[in-house]
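Undergrad: Quick one: this structure, given as structure tokens, is what I'll be asking you about.
The values are calculated or read from the model by the stated rules, or taken from the named source; none is laboratory data. Please read all numbers here as calculations on a predicted model, not as lab measurements. Keep in mind that these areas ignore ligands, DNA and RNA; they rest on the heavy atoms of the full protein, side chains included. Shrake-Rupley method; radii C 1.70, N 1.55, O 1.52, S 1.80 Å.
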Amino acid sequence: MNNTFAEITSQPEVWRRTASLTALARQELAAPGERMLLLGCGTSWFVAQSIAELRESAGLGETDAICASEYVPRRRYDRVVAISRSGTSTEVLDALRQVPDGTRRIAVTAVLGEPVDDLTDVQLLLDFADERSVVQTRFPTSVLALARTAYGKKDLDLIVADGRAALAVALPADPADIDHLVFLGTGWTVGLAHEAALKVREAAQAYSESYPAMDFRHGPVAVAGPRSLIWSFGDVPAELDDVARRAGATVHRDDLDPIAQLVLAQRFALALAAHRGLDPDTPRLLTRSVVLT
């Protein structure tokens with residue numbers, strides 16, 4: 001058993017532990033009426049995108065999500081939330097240093113005592129969701145589970161139950177038959193689609209794409225074919241399945257909670273890696289944290 005597999009299978013029980021942070025998350029991530037910016041890199045940026053949509057749709061206030069390396073302090077925000085599993089990512093730290101004085105800074109992290117602590121006013125510490133793996137799985141899903149319960153969007157028990165189901169169901173296709181994946185989302189699940197595609201690239205070095213669902217017809221469908229798997233997160237319009245089938249692709253959608261759907265996609269990424277003879281614990285050219293010199 002590799003570390004990545006163990007961390008994927010641990011997720012439903014790890015999510016339960018986020019309940020202890022719900023009150024603090026409501027205080028720091030809800031902040032009704034305030035303008036909020038979420039920062040992150042890679043996986044954390046995709047999580048930030050999902051949380052931004054969840055917060056705005058909950059009526060809590062204007063919320064932006066920006067890749068940390070692209071942050072420019074032009075807009076005014078009441079608080080800035082930096083998501084960083086390690087607390088050491090150079091671009092996140094550089095962005096925080098540019099945040100104007102008087103702005104409340106929050107870190108969502110898995111490790112205490114790292115440089116992000118000195119640049120933030122408070123830390124939401126999910127140390128129970130930390131990972132040995134380079135490829136992130138349970139940390140981002142735990143952050144999402146925490147945000148959804150803090151915003152009153154979903155009961156944690158329901159998320160956990162679907163997470164367990166996602167660990168038990170059959171994979172939607174034989175990895176031997178697939179070498180191209182397209183993940184589609186809508187609303188807050190667009191970030192999940194981006195994250196699923198990243199897992200496939202990281203773990204299996206495979207060709208994967210992700211789009212807001214309706215944009216699939218605006219060009220991306222042209223490269224779909226018999227060895228493509230088109231995977232929907234959340235409430236993606238069903239007619240897109242017909243579009244994918246006309247291209248000869250395999251389609252997948254299910255009724256699981258979208259976070260649980262991401263767990264299933266993680267499992268598929270590992271299965272595809274195994275089919276390709278790859279070890280997901282040692283992904284090509286990747287490290288646990290990007291620290292620039």
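Undergrad: Restricting to DSSP H runs of at least four residues, report the calculated mean residue ellipticity at 222 nm for the chain, -39500 (n - 2.57) per run over all residues, nearest 500 deg cm²/dmol.
TA: Taken over the chain, the calculation gives -11500 deg cm²/dmol.
Undergrad: Taking a probe of 1.4 Å, how large is the accessible area per residue of the stretch 80-120, in Å²?
TA: Values: 1460 Å² over 41 residues.
Roughly 36 Å² per residue, with all protein chains present.
Undergrad: Can you tell me the mean projection area, over all orientations, of the convex hull of the stretch 101-250's alpha carbons? Units nm², please.
TA: 11.6 nm²
Undergrad: As an exercise, take the mean of 1/r over every pair of distinct alpha carbons in the stretch 16-125, invert it, and state the Kirkwood radius in angstroms. Please list the in-between numbers first.
TA: Details: mean 1/r = 0.0731 Å⁻¹.
For the stretch 16-125, the Kirkwood estimate is 13.7 Å.
Undergrad: Connecting C-alpha atoms closer than 10 Å in a GNM of the chain, tell me which of L158, L124, L93 has the biggest fluctuation.
TA: Maximum fluctuation in the GNM of the chain, among the listed residues, is at L158.
Undergrad: Given C-alpha coordinates of the stretch 93-168, what is the ratio Rg to Rh with the Kirkwood estimate of Rh?
TA: Values: Rg = 15.1 Å, Rh = 14.4 Å.
Over the Cα atoms of the stretch 93-168, Rg/Rh equals 1.05.
Undergrad: Please work out how much length the chain gains when fully extended from R276 to N3, using 0.36 nm per residue of separation minus the C-alpha to C-alpha distance, in nm with one decimal. All intermediate terms of the calculation are to be shown ahead of the outcome.
TA: On the way: separation 273, 0.36 × 273 = 98.28 nm, distance 1.79 nm.
My answer for the length gained is 96.5 nm.
Undergrad: Also, quick follow-up: Between A238 and E70, what is 0.36 nm times their sequence separation minus the Cα-Cα distance? Round to one decimal in nm. Don't skip to the answer; put the middle values down first.
TA: Values: separation 168, 0.36 × 168 = 60.48 nm, distance 3.47 nm.
Extending this stretch completely gives an extra 57.0 nm.
Undergrad: Pick out which of R138, R85, R16 has the largest mean-square fluctuation in a Gaussian network model of the chain, springs linking Cα atoms closer than 10 Å.
TA: R16
Undergrad: Work the Kirkwood hydrodynamic radius out for the stretch 177-251: mean of 1/r over every pair of different alpha-carbon atoms, inverted, in Å.
TA: Numbers: mean 1/r = 0.0839 Å⁻¹.
After inverting the pairwise mean of 1/r, the radius is 11.9 Å.
Undergrad: Sticking with this structure for a sec: Which of S50, S89, S69 ends up with the largest GNM mean-square fluctuation for the chain, with Cα atoms connected below 10 Å?
TA: Highest fluctuation among the options: S69.
Undergrad: Further, regarding this structure: With both bridge residues required to lie in the chain, what share of the DSSP beta bridges run antiparallel, to the nearest 5%?
TA: Working: 0 of 33 bridges.
Here the antiparallel bridges make up roughly 0 percent for the chain.
Undergrad: Let me see the P(r) profile for the chain: every Cα-Cα distance counted, bins of 5 Å, each bin given as a percent of all pairs.
TA: For the chain, the binned pair fractions read 1, 6, 13, 17, 19, 17, 13, 9, 4, 2, 0 percent.
Undergrad: Apply the Debye scattering formula to the stretch 64-118, with a single equal point scatterer on each alpha-carbon and no solvent, then give log10 I(q)/I(0) at q = 0.17, 0.18, 0.21, 0.29 Å⁻¹.
TA: Ignoring solvent entirely, the Cα scatterers give -0.48, -0.54, -0.74, -1.34.
Undergrad: Where the accessible area of the chain is counted over protein heavy atoms with a 1.4 Å probe, how much of it, in %, is carbon and sulfur? Mind dumping the intermediate values first?
TA: On the way: 5860 of 11960 Å².
Its accessible area is 49 percent carbon and sulfur atoms.
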